Amino acid sequence: TDQNKSRRIETLAALCKLFTQNSQRDSLAPYASELAAIADPGSRFKALALYYQAHSFYRSDTAKFFQYTEESIIMCRENNYREILALNFLGLGVKLRTLNRYNRAAAPLIEGLESIKEINSKEADEIRADIFSLLSAIYHNQGNYTQALEYGLEGLRFAEFLNDKSRKVKSYNNLSGVYGEL
């Protein structure tokens, strides 16, 4: 039935989110594939499925990671799925940083912030906290300590607002490195 399909889609999306947050990409892959298979074309869940599929290939196949990310970005732009769009840009920033492409990593992160600038939700604030933290790390790696500090403090502000212990620890760890350099 439609109700069972909706429950299955929501359950798969929740599992995918959990596995992505915990970097359990091997566990993520089958659930992301199933979500992609049953989600309606053009739906929010289809865009999410593409995002999660990209992350299932994060370590194993960079080309597929970029392919699925691009497909999700296109779908998000066509349907105005701004929070998922921001997640995709965050994922791109993380991947580019991992590839030591610091000069290219900041641009998608700034675009991600721009896509959610008018959204007031917990999910958008979580994305903001993560983007600011990553921007701080990128600028720190580049030796731009002033911008690293600015973004790091903004990330901490969101982590504190969310009362998210994990994000607070990440922010303080980031900031300690920046203060050490300063």
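The values are calculated or read from the model by the stated rules, or taken from the named source; none is laboratory data. Just so we're clear, the structure is a prediction, and the values are computed from it rather than from any experiment. Glycine gets a Cβ as well: all are built from the backbone with ideal geometry, and neighbour counts include every protein chain shown.
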Condition met for GLU150 (outside any helix (DSSP H, G or I) and either charged (D, E, K, R) or over 19 Å from PHE89 (Cβ atoms) (or both)): no
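From the list ARG25, ARG44, which one is basic (Lys, Arg) and either on the phi > 0 side of the Ramachandran plot or at pLDDT below 90 (or both)?
ARG25
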Within the stretch 79-117, considering residues that are at pLDDT 95 or above, part of a helix (DSSP H, G or I) and β-branched (Val, Ile, Thr), the one surrounded by the most Cβ atoms within 10 Å (Cβ to Cβ): ILE84
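Any residue at all in the stretch 159-173 that's over 22 Å from LYS17 (Cβ atoms) and touching a His at 6+ places or on another chain (Cβ under 7 Å)? So that I can check it myself, show each step before the final result.
In the first step, residues of the stretch 159-173 are kept if they are over 22 Å from LYS17 (Cβ atoms); the result is 160, 172-173.
From the residues that got through so far, the ones that are touching a His at 6+ places or on another chain (Cβ under 7 Å) too are none.
Within the stretch 159-173, not a single residue is over 22 Å from LYS17 (Cβ atoms) and touching a His at 6+ places or on another chain (Cβ under 7 Å).
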Per-region count, the stretch 37-76, residues more than 23 Å from THR11 (Cα to Cα), under 17 Å from the mean Cα position of the chain (by Cα) and among the hydroxyl-bearing types (Ser, Thr, Tyr): 1
